[in-house]
Amino acid sequence: MARPRLEKLTLDKDLDKVSLAEEASQFVMRGLAAPGFGLLFLILSMAFAASYFTGASGTAIVVAGAAVAAYMAMNIGANDVTNNVGAAVGAKAMTMATALGIAAVFEIAGAVIAGRKVTLTIEAGIIDGARLLSPEILVWVMMAALLSAAVWINIATYARAPVSTTHSIVGGIIGAGLAAEGFASVKWWTIAGITASWSVSPLLGGTIAALFLAFLKEFIIYRDDKIEAARLWMPIVLGVTAGAFTAYVATFGLAHLQVISLRTGLLIGAFAGIACYGLCKPWIHRQSEGLENRNQSLRKLFRLPLIFSAALLSFAHGANDVSNAIGPLSAIVSAVNGTMSTARSLAPFWVLLIGAFGIALGLLLYGPILIRVVGEEITRLNPMRAFCVALATAVTVLLASALGLPISSTHTAVGAVFGVGFFREWYTRHSRRRLQHVRRKSGKSDFMEEAIETNFAEVRRRRLVRRSYFLTIVAAWVITLPASALLSALFYRLLAGLFL
């Protein structure tokens, strides 16, 4: 009579083994899903290039270049785009899924609408095509640059290091150019200007972010009536942000569709800013009703503006850094057709699409790793600090994109994060207004006064920025350009030996 019971136990054990095997299989398959989607995108990019390339010959080279450019674009999405939404995720203003969706959509929009101007700088502003012996040499210079930059960024992403994709591609072009024709092939004055912008971008991003945070602390956070101060100033801040963004898109982002003068663009931006102010004022008033007069209430009010700022930053990044993937591919297409790229060359639209969708896919597949590094592991962020980081980075990158300077958005964004952290350290140590604000809230008893002074002195000694990350990131920035240049020179020698 005990036999059916024994058979039932045996069956349960067998079913448990099957379930464990299924779970193990699913775990392994999840690890293969991202590389599988990446490989599929490479194949589709190659087919897309073969369909839309109109040259009489050289289709195989263009198809190969499209595959390498797609690989580069995915690496940009995995490593560089994380700077756009990392602060918002670290401040817990949005979930990881929401951040990935917003960044993907606005990256594509920025690349397609406003990415062509900076593409010209990467494509024709670094290598002097007239000094190269033939278009064939230019093809393999750009191919080596793309491949070396993509490999280096892939290694950096695996090592959880947010490096500059702009450093990588410019270093790759320099290295291949030197290997091909020596020092005369490189436009060193252009390189000097770009290098200067790299040095300025983290300082400028950090300074602007610190100024924004100082403004918020002075006029909102440490006011007696925080809610009323937010009702007064937040619509103005959001209106100015919307106006500047609209003016940029109208004047520079749509230049290849419709030429709009700077004056007209500024007028359009002014109208957009006024409209945004009019819409935000009642919305902020409604959202602030019933909120307590404390910082936690301000954080709730800043969540939606932070999402807007992250979207703005993603658009700016797509406009600026898509050039790192498609600039060399555009030069390859021109060279295969027998011409050298110039400052007036226009990137084919299908090339822009490969870069735009490649960046979005790389972000979705591999972005969460570095999002956490930028948003959580450098300094502590809340929605107000994250808003300053996103807005300062967007303003800096948009300005550079308008000037055609391929600055590093990584330098700018991470510089803004450090700027916020170092400003908080300085403000904590030197601001008497903060101490006076705490005193007013806590009363004036002798015991409380002593406790406040003791706590304030302890806070002054604390470091709010992790110095180890600061040194590590700066070291990664320094090594990126020479490493990618060396890789590119090696790849060029290999490709030239095989095909030239």
Looking only at region 139-183, which residues have a backbone nitrogen under 11 Å from a spot 7 Å from the Cα of Ile369 in the C-beta direction?
154-162
With all protein chains present, calculate the accessible area of Glu289 using a 1.4 Å probe and round the result to the nearest 10 Å².
110
SASA check, Arg493, accessible area w/ 1.4 Å probe, all protein chains in place, rounded to nearest 10 Å², comes out at 150
So, for region 283-360, what is the accessible surface per residue at a probe of 1.4 Å, expressed in square angstrom?
35
Would you kindly find the accessible area of Lys281, with a 1.4 Å probe and non-protein molecules such as ligands, DNA and RNA excluded, rounding to the nearest 10 Å²?
80
Can you tell me the length gained on complete extension of the stretch Gln296 to Ala159, counting 0.36 nm per residue apart and subtracting the Cα distance?
45.8 nm
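Ignoring ligands, DNA and RNA, how do Trp350, Trp152 rank by accessible area with a 1.4 Å probe, largest first?
Values: Trp350 25, Trp152 45 Å².
I get Trp152, Trp350, largest accessible area first.
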Report the Cα centroid-to-centroid distance between region 202-235 and region 274-304 in angstrom, as an integer.
14
Counting C-alpha atoms alone, how compact is region 128-243: give Rg to one decimal and Dmax as a whole number, in angstrom.
22.5, 70
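In region 134-266, carbon and sulfur make up what percent of the accessible area (probe 1.4 Å)? Walk me through the numbers on the way to the answer.
On the way: 3840 of 5350 Å².
Answer for region 134-266 is 72 percent, counting heavy atoms of protein chains only.
Eigenvalues of the Cα gyration tensor times 5, then square-rooted: what semi-axes does that give for region 252-315, in whole angstrom, largest first? Mind showing how you got there, number by number?
On the way: eigenvalues 215, 43, 10 Å².
Over the Cα atoms of region 252-315, the semi-axes work out to 33, 15, 7 Å.
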In whole angstrom, and with the biggest value first, how far do the Cα coordinates of region 212-339 range along each principal axis?
68, 29, 23
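The values are calculated or read from the model by the stated rules, or taken from the named source; none is laboratory data. Bear in mind the structure is a predicted one, so any value in this text is a computation, not a measurement. Don't worry about glycine lacking a Cβ; one is built from the backbone with ideal geometry, like all the others, and counts go over all protein chains shown. Accessible surface is based on the protein model in full, side chains and every heavy atom, while ligands, DNA and RNA are left aside. Shrake-Rupley method; radii C 1.70, N 1.55, O 1.52, S 1.80 Å.
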